[in-house]
Amino acid sequence: MKKFFSVEDVIDIYDLIKEALFLKNRPYDFRHIGKNKTIGLVFFNPSLRTRISCQKAAFNLGCHTWVLDVHRDSWTIEMNDGNIMNFTQEHIKEAISVMSMYCDILAVRTFPNLSDKDYDYQEIIFNKILNYSRVPVVNMESATLHPLQSLADVMTIAEFTSFFKKRYKVVLSWAPHVKPLPHSVANSFSQWISKIEQIDFTITCPERYNLHKKFSHGAYTTHNQNEAFINADFIYAKNWSSYLDYGKMLCKSSDWMITENKMKLTNKAKFMHCLPVRRNVVVEDAVLDSRYSIVLEQVKNRIYASQIIFLKMLESLS
Ligand code: CP
């Protein structure tokens, strides 16, 4: 594997989930593969889970890591071509090329600006990174996608369904938030879950919050949250800003919060969220703290999702 940007870089999603779950049982079986190898983790935006789970995944494979928080630790980066750099110190072309000289795999997180839809949805920044890196690149969340999160999410669903033993209803529910958020988790989850044949996938969100069709075409979308919850086996809560009115926060109603009462409409559904989550804004304490919440299982699987991707890249180096 030379690049992991989205599910489209995966040959067989079922095999990948199985291989990742194998690593969960035997995390140190491939320690020899990472000997004398370095993974660079570059963050243009904050992270808790992605940063630490990737470091743990690399450790399991015997790799060294370095981490760069660009805004805190480095020069100000110029993202645009042709600018007179009076106010920025290093161009992304040099920054990425240089960093790729200091590692065997480069993993990068960038966020959208949420103001220019075309700029974000063409993944201008991530494509520059792919272009300038001399080594394989992993997407640790880009303007529109978060594939390592989604792989961990589908692994978690696989575990709780005995590997998709029968048909299951999975619902991605928009939930309130105090500020506009990226679409990446919702887009990416939609893209990955739609590849699982045994899943009936529903998205529920307020009017004008429909996701881009490129990602949501495999789903039934409804603006009636209660209707969506009926007989659901999994509820995945996430906020995102409007796609149609790009980056705007159109709905501020707490009516969309995930509550214990709404969960009663489901088929004893498991509750999922990528974290971080704002308690009693996105979801009631009673749901997050219930035995149906599997958010920590998702968190645990972040390690093995990263580990299988790093492993496939390391294998392709030798
Ligand atoms: N879910 C997730 O990506 O968390 P972080 O932003 O903390 O990495």
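Odds and ends about this structure:
- Rounded FRET efficiency, nearest 0.05, which uses the C-beta distance separating ASN83 from GLU227 and R0 of 41 Å: 0.25
- Whether the chain is rounded, prolate or oblate, judged on the alpha carbon gyration tensor where a/c under 1.5 counts as rounded: oblate
- Over 23 Å apart at the Cα level, from the set LYS2/LYS93; LYS35/LYS93; LYS238/LYS270; LYS195/LYS252, are LYS35/LYS93; LYS195/LYS252.
- Checking every one of the trypsin sites (Lys or Arg not before Pro) in the stretch 1-84 against DSSP loop status and a limit of 11 other Cβ atoms within 10 Å picks out LYS35.
- Exposure rule at most 14 other beta-carbon atoms within 10 Å, DSSP loop GluC sites (Glu not before Pro): the chain longest free segment: 1-196
- With all projection directions averaged, the alpha carbon convex hull of the stretch 176-318 covers 9.5 nm².
- Convex hull of the stretch 1-139 built on C-alpha atoms - directionally averaged projected area, nm²: 9.5 nm²
- Computed about its Cα centre, the charge dipole of the chain is approximately 740 debye, with only Lys, Arg, Asp and Glu carrying charge at their Cβ.
- Expressed in units of 2.2 N^0.38 Å, where N is the residue count, the Cα radius of gyration of the stretch 117-166 is 1.56.
- Measuring nothing but protein heavy atoms, the accessible surface of the stretch 149-298 at 1.4 Å probe radius is 48 percent carbon and sulfur.
- Inter-site label distance for PHE22 and ALA286 at 7 Å from Cα along Cβ, in nm: 4.5 nm
- Exposure rule at most 15 other beta-carbon atoms within 10 Å, DSSP loop chymotrypsin sites (Phe, Trp or Tyr not before Pro): the chain longest free segment: 164-318
- Extension gain, LYS213 to LEU275: 0.36 nm times the residue separation minus the Cα-Cα distance gives 19.8 nm.
The values are calculated or read from the model by the stated rules, or taken from the named source; none is laboratory data. The structure presented is a predicted model; accordingly, all values stated were derived computationally and were not measured. Backbone-built Cβ (ideal geometry, glycine too); neighbour counts: all protein chains shown. Surface areas here come from the heavy atoms of the whole protein model, side chains and all, with no ligands, DNA or RNA. Shrake-Rupley method; radii C 1.70, N 1.55, O 1.52, S 1.80 Å.
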